[in-house]
Amino acid sequence: MKKNIVLDHAEKLTAGSISRRRFIMTALAAGATLPIAMSIADKAIAATPVKGGRLRHGVGYGSTTDSLDPGTSENGFTQALHYSYGNHLTEVNNDGSLIPELAESFEASNGAKTWAFNLRKGVEFHNGKSLTADDVIATYNYHRDENSKSAAKGLLTAVTSMKKDGDYRVIFELEAGNADFPYIVSDYHLVIQAEKDGKIDPLSGVGTGAYVLQEFEPGVRSISTRNPNFFKEGRAHFDEIEMLSILDITARQNAIMNGNVDVIDNVDPKTVALLARVPTLNILEVTGTQHYTFPMRLDVEPFGNRDLRLALKYAIKRQELVDKILLGHGLAGNDIPISSAMPFLNTDIPQREFNPEKAAEHYKKSGHSGPIQLSASDAAFAGAVDAAQLIAASAKEAGIDIEVVREPKDGYWSNVWNKKGWCACYWGGRPTQDWMYSAAYTADTEWNDTAWKETDDAKRFNEVVVSARSETDEGKRKAQYFEAQQLLHDDGGAIVAMWANYIHAHSKKLTNEGKVAANWVNDGGKLAERWWFA
């Protein structure tokens, strides 16, 4: 009981509702010694969010082709930017749970075919407009439009209609039940924006979020200031946010070591030990759903050949990539984008290992000869070019000639990824299988970077995913997702080579609640909203 009293008062001290002196007196009365009471008090005060300061964030992503349109966001810079100025109907919290955001509640009916979201009242956009159901409907119609190029379009194909029930309630009708729909609406592309005459301006940069965008120079930097009318209590502690796109690994490392920025993401595993020795810095490592891939586009020769795809999959020393590229900060991949952190992982699928005999056998069956180009840039992930070179070296042992093409960092995501036949890529992952598939693997998504759509297995995969989406029987759903993973593993164009931990370095002056989200880099993309200077 006395211990509970101390802990209860420590929480009050953190919240600022009691003084340090009062806490210490309470702790002493409960039987704590003075040193222990003072230590607990110091830790509680350190955990108290402090307003103020300018956060300088060195981001390992960004491109001069970036846009303020959330629908076309394709890297960690614009993702963090959209999360800072905008909000969604729901949010993946820093403990991994799904919580309401602009919606204060939501409920399903009709076998999860109908979803109703009840909006918060009193929320304002940065331009002063009050949030209503019309804004939600206009936002979703933008992404659903038949001519839309939004990456979220594929996520919303199941939505057959939307309507408002008053100003603060939106009802979605789906073509089939989808138990994961509340997760889908937290996707970072689906920033709710202000409507005017039934339309939104996707390039406005205006949202309801923690920070008001002041400047945006694509591929260079952004500057934002705290939103004085932000609706969340206990969030948005910095006065200003400056995000700097620093693609060069060495430059990013030097920036944090020299104190030119307060936090960097995408730390090269090779420099973790070096940065850990800097007395002013902390290393933050989070195991999540991030994975590094080498997608082969089936609509670009020679990757339409199944035997060639299998040859390349068997020609890779995956553990070597983990050891030499990640330096152990991750796990070997198995050509499926599903990790043990997600429901229904098919553990019956054997880990694909380097097998030069099988690689050579499938390569001979493919009938291909000559070099195969593999495009790579460290814009994809730290060490991507080195990883490509290791793949070329191991493939050579199987008699396969791979030519590594070193691509420019700037423009990589617009000029190489999702266009060239074979390249390096990263995915932050998604909380559910349906979401991951809908984002990158189903036939209807803009981000199907393997163009795996027309084979018999691809068509079956799409059928299974649609069926599993509305299946409420867990046993049947498990069987369907097991089949989907097997189809991807055997026929898909994605080489999922590694599962990589999120690694950050930050000033010891910068702190957080102690729980850091693993669904995306940078505390689920919400570092600017959740962190503060101690």
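Given (1) at pLDDT 95 or above; (2) among the charged types (D, E, K, R); (3) buried (at least 18 other Cβ atoms within 10 Å of the Cβ), where does Asp239 come up short, assuming only one miss?
Asp239 satisfies every listed condition except (3).
Mind checking whether some residue in the range 323-340 is farther than 23 Å from Asn519 by Cα and of a type in the set (D, E, K, R)?
yes
Restricting to the range 472-487, what's the tally of residues that are among the acidic types (Asp, Glu) and in contact (Cβ under 8 Å) with a residue 12 or more places away in the chain?
1
Looking at the structure I just gave you, is Leu331 surrounded by fewer than 23 Cβ atoms within 10 Å (Cβ to Cβ), in a strand (DSSP E or B), touching a residue at least 12 places away in the same chain (Cβ under 8 Å) and in contact with a Ser or Thr (Cβ under 9 Å, 6 or more places away or on another chain)?
Yes: the conditions hold for Leu331.
What single numbered condition from (1) assigned by TED's automatic domain parsing to the domain that holds Lys164; (2) surrounded by 15 or more Cβ atoms within 10 Å (Cβ to Cβ) fails to hold for Gln79?
Result: Gln79 fails condition (1) only.
Taking the range 354-406 as the region of interest, how many residues are in a loop (DSSP other than H, G, I, E, B), closer than 30 Å to Ile503 by Cβ and not hydroxyl-bearing (Ser, Thr, Tyr)?
Qualifying residue count, the range 354-406: 7.
In the set Trp447, Trp520, which member is assigned by TED's automatic domain parsing to the domain that holds Val261 and under 29 Å from Ile325 (Cβ atoms)?
After ruling out the rest, the residue left standing is Trp520.
Kindly evaluate Trp452 against the criterion of being under 18 Å from the mean Cα position of the chain (by Cα), of a type in the set (Phe, Trp, Tyr), part of a loop (DSSP other than H, G, I, E, B) and not assigned by TED's automatic domain parsing to the domain that holds Asp180.
Details: under 18 Å from the mean Cα position of the chain (by Cα): no; of a type in the set (Phe, Trp, Tyr): yes; part of a loop (DSSP other than H, G, I, E, B): yes; not assigned by TED's automatic domain parsing to the domain that holds Asp180: yes.
No: the conditions fail for Trp452.
For Gly399, all conditions in the list (1) in contact with a strand residue (DSSP E or B) (Cβ under 6 Å, 6 or more places away or on another chain); (2) farther than 19 Å from Ser150 by Cα hold save one; what is the number of the exception?
(1)
Each row is one residue, and each column tells you yes or no for (1) touching a Phe, Trp or Tyr at 6+ places or on another chain (Cβ under 8 Å); (2) under 17 Å from Phe482 (Cα atoms); (3) of a type in the set (A, V, I, L, M, F, W, C).
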{"site": "Asp410", "(1), (2), (3)": "no, no, no"}
{"site": "Asn415", "(1), (2), (3)": "no, no, no"}
{"site": "Thr432", "(1), (2), (3)": "yes, yes, no"}
{"site": "Asp444", "(1), (2), (3)": "no, no, no"}
{"site": "Lys453", "(1), (2), (3)": "no, no, no"}
{"site": "Asp457", "(1), (2), (3)": "no, yes, no"}
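Just for strands (runs of 3 or more DSSP E) wholly inside the range 197-274: which have at least 2 residues that are under 19 Å from Asp523 (Cα atoms)?
Numbers: elements: 211-217, 221-226, 240-245.
The qualifying strands (runs of 3 or more DSSP E) are 221-226, 240-245.
The values are calculated or read from the model by the stated rules, or taken from the named source; none is laboratory data. Note that the structure is predicted; figures quoted are calculated from it, not measured. With ideal geometry, Cβ positions are generated from the backbone for all residues, glycine too; neighbour counts draw on all protein chains shown.
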